[in-house]
Amino acid sequence: MATPHPIAVIVGSLRKQSFTLKIANALAKLAPDTLKLNIVTLHDVSFFNQDLEATPPADWLALREKIQKSEGVLFITPEYNRAIPGVLKNAIDVGSRPYGKSSFLEKPIGIVSNSPGPLGGVNAAKSLQNILPGISGVIMGQPEIYLNGVGDAFDDKGELIKDSLKTVLKQYIDAYAAFVKKHNL
Ligand SMILES: Cc1cc2nc3c(=O)[nH]c(=O)nc-3n(C[C@H](O)[C@H](O)[C@H](O)COP(=O)(O)O)c2cc1C
């Protein structure tokens, strides 16, 4: 069997009991064996500051390396105030630099938003679709996925127990695997 494509799964929430993190972990379990999903959390990524670009902090370099070593990037994000959380925007700013050398370039991108509420974080997903095109590889357009009502989807061990969610996550990660294959020839 061919070596699986390593995928950086960037988690847009720092919360210990984050639904976003649980969705990332569920996707890692559901992924076909053509992908190897590596969860990337953002607790250690310091604020982007253009003054530091000549001598970047080690945590920026570590994040960029994780992205550069991947063959695709999946963003899993909640919605904060109709946009993406600040920690995720900061990580994108860090990963997008130096100018013209974004670590996201040529990486096939997937976007998964979620919310315990009814709208599935759709505005966060749309924010990413606005932010990424100048600094990333091609973004998968279909299927779209905005996961609503995620509050009752996991048990107290963080395992996915909602079958309807499992079904759409499986469909999505299979489609993303085909997309990654197509764009990593
Ligand atoms: C600052 C803040 C703003 C929020 N804004 C939204 C919002 O615009 N839309 C939404 O659906 N949920 C919103 N929420 C609720 C989040 O969807 C909810 O807290 C969710 O659990 C966060 O994701 P996580 O579980 O991965 O940490 C907001 C929560 C916070 C803390």
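The values are calculated or read from the model by the stated rules, or taken from the named source; none is laboratory data. These numbers come from a predicted model, not from an experiment. Every residue, glycine among them, receives a Cβ derived from its backbone with ideal geometry; neighbour counts consider all protein chains shown. Note: areas computed on protein heavy atoms with side chains; ligands, DNA, RNA excluded. Shrake-Rupley method; radii C 1.70, N 1.55, O 1.52, S 1.80 Å.
The stretch between Asp33 and Thr3, if pulled fully straight at 0.36 nm per residue, gains 9.9 nm over its current Cα-Cα span. The listed peptides 112-124, 128-140, ordered by packing as a protection proxy, come out as 112-124, 128-140 (highest mean of other Cβ atoms within 10 Å first). Simple spin-label estimate for Asp44 and Asn81 gives 2.9 nm between the two label positions (7 Å along the Cα-to-Cβ direction from each Cα). For Asn114, the amide hydrogen comes within under 5 Å of the amide hydrogens of Thr77, Glu79, Leu147, counting only partners 5 or more places away or on other chains and with H modelled in the peptide plane.
The helix-only estimate of mean residue ellipticity at 222 nm for the chain, built from DSSP H runs of length n ≥ 4 each weighted as -39500 (n - 2.57), is -11000 deg cm²/dmol after division by the residue total. Each peptide among 33-44, 157-168, 78-89 gets the average number of other Cβ atoms lying within 10 Å of its residues, and from highest to lowest they stand as 78-89, 33-44, 157-168. With a ≥ b ≥ c taken as the square roots of the eigenvalues of the C-alpha gyration tensor of the range 5-183, please select rounded if a/c is under 1.5 and otherwise prolate if a/b is larger than b/c or oblate if it is not? Note, shape of the range 5-183 comes out prolate. Spin-label model, Lys157 to Asn184: label points 7 Å out along the Cα-to-beta-carbon direction sit 3.0 nm apart. Judged by the gyration tensor of its Cα atoms, with axes a ≥ b ≥ c, the range 3-66 is oblate; a/c meets the 1.5 cut and b/c is at least as large as a/b. Would you mind classifying the range 111-185 by shape? Square roots of the alpha carbon gyration tensor eigenvalues, ordered a ≥ b ≥ c; an a/c under 1.5 is rounded, otherwise it is prolate if a/b is larger than b/c and oblate if not. Oblate shape, in that a/c is at least 1.5 and b/c is the bigger or equal ratio. Remark: the range 5-183 carries 49 Å² of accessible area per residue (probe radius 1.4 Å; ligands, DNA and RNA excluded).
Pop out the carbon and sulfur fraction of the accessible area of the range 17-168 as a percent, whole number, probe 1.4 Å. That share works out to 52 percent.
Computed from Cα atoms, the angle from the helix 86-95 axis to the main principal axis of the chain rounds to 50 degrees.
If you take all other residues with their beta carbon under 14 Å from the beta carbon of Arg15, and give Lys and Arg +1 and Asp and Glu -1, the sum is +1.
As an exercise, use a Förster radius of 41 Å and the Cβ-Cβ distance of Asp174 and Glu53 to find the FRET efficiency, rounded to the nearest 0.05.
Rounded to the nearest 0.05, the efficiency is 0.55.
Applying the Karplus relation 6.51 cos²θ - 1.76 cosθ + 1.60 with θ = phi - 60° to the range 37-43 yields 3J(HN,Hα) values of 7, 10, 6, 10, 9, 10, 4 Hz, where x marks Gly and Pro.
Cut-off 13 Å, label point 7 angstrom out along Cα-to-Cβ of Arg15: give me the residues of the range 150-179 whose amide nitrogen falls inside. The answer is 150-154.
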